[in-house]
1. Checking ILE49 against (1) exposed (fewer than 15 other Cβ atoms within 10 Å of the Cβ); (2) modelled with pLDDT of 75 or more, only one condition comes out false. Which one?
2. So how many residues does the range 172-184 have that are part of a helix (DSSP H, G or I) and exposed (fewer than 12 other Cβ atoms within 10 Å of the Cβ)?
Amino acid sequence: MITMVNEFRAAMADLFRTRRDLSIVAGLVLFGALVSAAELLSAQLFSNIIIPDAGITRTMSDTIGLAVVFLLVFGGLRVINYAQSLYRINVFEKAFHGNSASRAGESWRWAMAMELTSILTMSARIVVIASALFFLSPLFAVANVVIAGLVLQVFGVSLRRQLVTQKRFRAQQQAKAPASSADKVRARIKAGELASLIASVGVMVLMASLIALTVIGDIAAGAALVSFLAIRMIGQMYSGIASGLMRFARARVNSD
C-alpha cells in the first residue's frame, strides 16, 4: 500500500504542477465520491419501493411516484458521470498545455493522468460506500474494512511488481531488443486479473458474511439488499482498480 501512495503522490506532483490544477483534480475525485453516495441513496430508494417498511400502506400512485423519482435520479447520475469524464479531459488539456515533452512522452502523460484520476476516483467511492455501510450494519462494515485492507496490500504488491516488469521492458526497448507485444500485454493482463481474482475472493467472503448476518436477523431485508448492491459496486471498482494499476505502471515508467 505504501508503494501505491508514494507512486500516486509522485505522479500527481509530476502531472499537475500548479495548486490550481491539483485543486481541480482533487475536486473531481471528491465529486466522484459524492456520486457514489447518491447511487447508494438511489439503491435505498429502490429497496423502499420493492420492500416497503412494515406497517406502512402505500397506494399505487405513491409507488409510481417513487419509481419515477428513482428513474430520474438514476438517469441523472449517468449524465453527471458523462459530464465529469468530458470535463476531466479539459482539465488535462490545460494542465499539459505548453509542456516540453515529446509527442510520445505527452501521450504517456495523458495515459497516466487518465488512469491515476480513475483509480483515485474509484478509491474515493469505495471509502464513501464503506462509510455508508456503518449506518446499515456496523459489524458488516467492520468486516468490509478488514477485507479492504487486505485487498490494498495485494494491490500494492501487484503494482510494485508491475513497475519492475515495465522497467525491464523499457530497458529491453532501449537496448534494441524489445520484448514481444504478446509478452507485454500478457504480463499486464495476467497481473491485473490475478489481483482482481484475489479481490473477488474477499468480496465473496463479504457476501457470505452478509447472508449469515441477514439469516440471524442482524440486518433487515431492505438493508441487506442495499448492502449487497454496495458490495457489488465495491467489487466492480476493485476490478477496475486492479487493471488500472497495471496500465498506470506502464504509463508511469514510459513517461519518465
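The values are calculated or read from the model by the stated rules, or taken from the named source; none is laboratory data. Because the structure is a prediction, the values reported are computed rather than measured. Note that each Cβ is placed from the backbone with ideal geometry, even for glycine, and that neighbours are counted across all protein chains shown.
1. Evaluating ILE49 over (1) exposed (fewer than 15 other Cβ atoms within 10 Å of the Cβ); (2) modelled with pLDDT of 75 or more leaves (1) as the failure.
2. Count: 3.
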